[in-house]
Structures are given as structure tokens and as C-alpha cells.
Amino acid sequence: MGQPHQGDEAEKPPLGVGMVGYAFMGAAHSQGWRTVGHVFDLPRRPVLAAVCGRDGQAVRAMADRHGWAAAETDWRALIARDDVDLVDICTPGDSHAQIAVAALAAGKHVLCEKPLANTVEEAVAMATAAEEAFARGQLAMVGFNYRRVPATSLARRMVAEGRLGTLRHVRVTYLQDWLVDPQFPLTWRLRKEFAGSGALGDLGAHIVDLAQYLAGEPLVGVSALTETFVRERPLPGGASSGLSAVSETGGTDAGSGSDSGSASGSRPGSGVVTVDDAALFSARFASGALASFEASRFATGRKNSLRIELNGERGSLAFDLERLNELSYHDHTEPGAHAGFRRILVTEPDHPYLDAWWPPGHGLGYEHTFVHQARDLVHAIAAARPPVPSFADGLQVQRVLAAVEESAEKNSVYTPIAV
């Protein structure tokens, strides 16, 4: 696919994008929508129509910074706008279902950040609404952006081509350390009513989806452990940004509002953490292949370390997000005298997505996954084909997360994943 021509772009039908939420993920999605039409030749022209957030001053500043034409403070008003064709949901998980179902009912396409919802029941409602909306011509996709790393897309192609043969074993870890300090405040990510779960939903959702995507098959059962290492934290002293926040200096007690407040039994000026800090689980794929997963926000020294290795009868593949332009591949059919893991530099024009970017050897980064996500969704909308990953895919991941929580509550008993 060649570079788009400016004259051609103006003649394409617009696709008005309205985004709800404007913090970490909002900035990442903005980058994707702002950039995609300048890199890829698209059938429709994304237009940043409006962004929505509760703080009018903050959302207006975000709109100016990232190129959104308008700002709203009520997501219902954003959905009702005639210039919005697609609603991009970048809010905490507690609002995903309500916004997505309303947007689909209003005839809008939807992109929703992961995990799809906070509960299986919410995810079922979203997947049902998406299925009904597809019959009317609306598409709904969940944002598992790590599928859009060129190296992971290449790994999926290699697995599908049979380069690994029958899959035997998958190992996945996703490690961060931003919660190690016990004085880090009680932001929304640490409260079950907003986030649904902790490291399990935040990090575990990514690696469950990535493992199933690369393997080409679902998980069918898990045995799990979860733990919360710091059970009480100071209340936040202001708005959080990304994975950073500041705690209160004076503190408040319970009842100080929906965005802060001590849980029952906690110290004044502090609140109880109601999500997990780490989750470890073993799992089985439908084929019988085994898998192990580790998600932690307490891995000291690890900032955003995601690693996956797939071992099969004919070979192995490994990917490390900290070296995201590379794959490690072992071809076990080669003679042992010179066999071993070799490095594949994933920057060639015939690698996924890379025909539109830079010459070989010039690597991409984290933000480009959101450009690729926007590209794939625009093409799916133009072709009226089911998007991948769909809300049904997001529901399946939600069922895995629920089985992990159930297993952990039952002393790691093996728990089948509901179908």
C-alpha cells in the first residue's frame, strides 16, 4: 500500500470520530486517529470531530493539544452529534457498557478500550448489542493494541502457516512496577467499582488476548493465584495522569465524593485497595497445549515488560515488547549442528503494516500500534466486514478473567472457562 496523496484524501468520505475519555489512552488513540490518514491509503478520511470529558477546562485543553475540533462534557451529547460516526471509548471500565450500548443503538460504530467491561454480564450485553448492530451496519471492535505490533502480527502469520507445528506450551508475562511505593495514591485503577480488577484486567487482559490470538485457539480452563500486597493507600490529591498520581497531604475521610473517599475501616485520608496487585495462573488451550501467565504491577524495575514464547513440535517463537521490532525464532526442523534461535528484524516492507512506513531497519514504537488499530477499523467499516478483535472476542477474554478470579477464590482449583 502506497503513501496517500493529499488531493485524494480530501475527496474521500469522512469518518467523524468522537472520543470519550482524554487521559493516557485518550492521548494514545488521538495519536492514532491523527496520524493514520497521513500514512495509510484509507477508503475513508478520519476526522477528529469531538472529544468528551467531565472537566470542561481540561477536555478543551486536550482537544486543542491533540487536534479535536470540539469538546463535550457529556458523552450523551457526543453520541448525539451528527458529525460523529464512530465513538471511541477510552474511559475506566465501569462506563464501557453504558456508553457502547448507547452508541450502537444510536447508529454509531464503536471502538472500546480493553478490557471490554468490568463483568461478564456487562460484556455479554455489549457483545449482544454489537451483534444486533452489525446486522444494521454498525461495527464494534475492542482495542487490544498489542495485536497490531508488526512483530506479533508476523508471529501470528508464522503460526498459521504451520511453522511451529502442533503447539505444546505458551509462557506469557506482563510486568510493571508503578505500585511498589505504598504511598502511591488510591486512584481509580485500584478500586474495583471503577476498574473491575487490578493487574488481572489491566495487564492480564492483554496477555490473554495476545496468547489466544497467536495460538489461534481459545483457553478452556485455568488454575490461579492472586494477591494484593498493599491493602490500604492514601487518597489522591488531584487528577492522575497516565500511571502517575499525587496523594493528598491533609487527607479526607469517607464520603468526600465519588472520585475519592476512605473505605469502611480505613484510616482517615486513606482507602482500601479492592483489586489485585498480581495474578499468576496456569491454563489449558482447547487443543490441550499448556500455558502459564503472570501479571504484576509489583515487579520492581519492570516498567512495561511484556514477553511471550510459544513452543511447538516444529519450532518456537518469542516476542519481547521492550524489543518490539524483533522476533526470536527457532526452526526445530534444521540440523542440530547449526540450529538455534535467530533474530528476525521485523522492518521489511512485506512484514505486516510496514509497506507504508520507513525503509528497512527503521523501527516503529508503541504509539504506532494505535495507528494500525485505526487503519484496520477504517478498512473494516468501509468493507462492512466484522472487525477483529470483536466484542465477542472481548467477551471471551472477560470469561477467562472471571475464571481466574473464581479459581483464586477457591484456592487455585482448576476452573473451566464458560462458553
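The values are calculated or read from the model by the stated rules, or taken from the named source; none is laboratory data. Values in this document were obtained by computation on a predicted structure and should not be read as measured data. Here the Cβ is made from the backbone with ideal geometry for all residues, glycine too, and neighbour counts use every protein chain on show. Just the protein is used for accessible areas: all its heavy atoms, side chains included, with ligands, DNA and RNA removed. Shrake-Rupley method; radii C 1.70, N 1.55, O 1.52, S 1.80 Å.
Within the range 1-21, count every residue that is assigned to a loop (DSSP other than H, G, I, E, B) and at pLDDT 60 or above. Quick ask: steps written out before the conclusion?
From the range 1-21, those assigned to a loop (DSSP other than H, G, I, E, B) are 1-5, 12-13, 21; that's our starting set.
When the remaining residues are screened for being at pLDDT 60 or above, the result is 12-13, 21.
Residues that pass the stated criteria total 3.
Which residues, counting only those in the range 361-379, are open to solvent by 70 Å² or more (accessible area, probe 1.4 Å), under 22 Å from the mean Cα position of the chain (by Cα) and not hydroxyl-bearing (Ser, Thr, Tyr)? Explain how you work it out, then say what you get.
Here is the first cut: in the range 361-379, the ones open to solvent by 70 Å² or more (accessible area, probe 1.4 Å) are 362, 366-367.
This time we only want the ones that are under 22 Å from the mean Cα position of the chain (by Cα), so: 366-367.
The answer is GLU367, and nothing else.
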Next item on the list: Return the total of residues in the range 50-93 being over 21 Å from the mean Cα position of the chain (by Cα), surrounded by fewer than 23 Cβ atoms within 10 Å (Cβ to Cβ) and in a loop (DSSP other than H, G, I, E, B).
Entry: 10
Next item on the list: Check off (1) within 28 Å of ALA27 (Cβ to Cβ); (2) touching a Leu at 6+ places or on another chain (Cβ under 7 Å); (3) open to solvent by 70 Å² or more (accessible area, probe 1.4 Å) for TRP358 and give me the number that stays unchecked.
Entry: (2)
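When the residues of the range 94-127 are filtered to those that are in a helix (DSSP H, G or I) and polar (S, T, N, Q), which remaining residue is nearest to the chain's Cα centre (by Cα)?
The initial filter retains those residues of the range 94-127 that are in a helix (DSSP H, G or I), namely 94-105, 120-127.
Remaining after also requiring polar (S, T, N, Q): 95, 98.
Working: SER95: 16, GLN98: 19 Å.
Checked the range 94-127; the qualifying residue nearest to the chain's Cα centre (by Cα) is SER95.
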Margin query: I'd like the full set of residues that are of a type in the set (D, E, K, R) and part of a loop (DSSP other than H, G, I, E, B), limited to the range 302-317.
Written below: ARG302, LYS303, GLU313, ARG314
Notebook entry, point to check: When you scan the range 282-315, how many residues do you find that are surrounded by fewer than 20 Cβ atoms within 10 Å (Cβ to Cβ), among the hydroxyl-bearing types (Ser, Thr, Tyr) and either in contact with a strand residue (DSSP E or B) (Cβ under 9 Å, 6 or more places away or on another chain) or without any contact (Cβ under 8 Å) to a residue 12 or more places away in the chain (or both)?
Noted result: 4
Next item on the list: Collect the residues in the range 192-222 that are out of contact with any helix residue (DSSP H, G or I) (no Cβ under 9 Å at 6 or more places or on another chain) and either open to solvent by 40 Å² or more (accessible area, probe 1.4 Å) or closer than 24 Å to GLU232 by Cα (or both), keeping them in residue-number order.
Entry: LYS192, ALA199, LEU203, VAL220
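Restrict the check to the range 407-416 and report whether at least one residue is out of contact with any Ser or Thr (no Cβ under 7 Å at 6 or more places or on another chain) and either open to solvent by less than 30 Å² (accessible area, probe 1.4 Å) or closer than 19 Å to ALA291 by Cβ (or both).
Kept after step one, since they are out of contact with any Ser or Thr (no Cβ under 7 Å at 6 or more places or on another chain), are these residues of the range 407-416: 409-411, 416.
Imposing the further condition that a residue be either open to solvent by less than 30 Å² (accessible area, probe 1.4 Å) or closer than 19 Å to ALA291 by Cβ (or both) reduces the set to 416.
Looking for residues that are out of contact with any Ser or Thr (no Cβ under 7 Å at 6 or more places or on another chain) and either open to solvent by less than 30 Å² (accessible area, probe 1.4 Å) or closer than 19 Å to ALA291 by Cβ (or both), one finds at least one in the range 407-416, hence yes.
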Check: Here are THR347, THR333: which of them is among the β-branched types (Val, Ile, Thr), assigned to a loop (DSSP other than H, G, I, E, B), open to solvent by 10 Å² or more (accessible area, probe 1.4 Å) and in contact (Cβ under 8 Å) with a residue 12 or more places away in the chain?
Finding: THR333
Next item on the list: Say whether the condition of being within 17 Å of the chain's Cα centre (by Cα) and either under 30 Å from PHE319 (Cα atoms) or open to solvent by less than 10 Å² (accessible area, probe 1.4 Å) (or both) is met by at least one residue in the range 154-171.
Entry: no
Notebook entry, point to check: Out of all the residues in the range 94-112, which are of a type outside the set (Gly, Ala, Ser), within 16 Å of LEU139 (Cβ to Cβ) and open to solvent by 10 Å² or more (accessible area, probe 1.4 Å)?
Noted result: VAL101, LYS108, HIS109
